[in-house]
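Below: one structure, written as structure tokens.
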């Protein structure tokens, strides 16, 4: 659907007519409905599931509650809504790691941390095509992905990865992506070493 800047959109009359069939344009029952989806990512629905964010975005751009919560609406939400700016790696609302998702970060915690350790933009601003491409090279679940224990992303679990585990041994610092914490329990220890050794060799 073509979009113009707020106040200059095509189809304003149609938008009002559509909105009138669905009750209040915004601030009504539709803002905050879980079925409408995350405010932080585009969706084919008008409105989004965080009521306060929904109202704020629709005050800025009524299109989002009249027609569709598109990429422009999600972009506004990312800039003004606390629920979007506080997304963490692993949050389901952050979206798919393997595709451009319109939010900071992505929903698979290890993949998200691996990519953001190389490119902070992916977690600080938005998970764009470059982030998705890096995820495809790094993360389980994306086509062409390498294995989780391959900490230097060279397609094989070997001595270089073992060195990284031993160098990171102990509790993970809060600000450290801690990629060697393979079971995500907050420390690099025996279970992580065991997982690495069980994956030894070329990645499938």
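None of the figures in this text is laboratory data; all of them are computed from the coordinates on show. Computed from a predicted structure; not experimentally measured. All Cβ positions, even for glycine, are placed from backbone atoms using ideal geometry, and neighbour counts span all protein chains on display.
Structure notes:
- Tail beyond 21 Å, pair distance distribution of region 48-204 (Cα, percent): 50 percent
- Label sites at residue 173 and residue 152, each approximated as a point 7 angstrom past Cα along Cα to Cβ, lie 2.2 nm apart.
- Least to most buried among 52, 198 (fewest other Cβ within 10 Å first): 198, 52
- Rounded FRET efficiency, nearest 0.05, which uses the C-beta distance separating residue 166 from residue 124 and R0 of 41 Å: 0.85
- Ranked list, fewest to most other Cβ atoms within 10 Å of each Cβ, for 121, 63: 121, 63
- Ordered by the count of other Cβ atoms within 10 Å of each Cβ, fewest first, 162, 151 give 162, 151.
- Region 156-202: equivalent-ellipsoid semi-axes (sqrt of 5 x gyration tensor eigenvalues, Cα, Å): 18, 10, 8
- D_trans [Stokes-Einstein, Kirkwood Rh over alpha-carbon pairs] for region 92-138, 4 °C, 1.567 mPa s, µm² s⁻¹: 135 µm²/s
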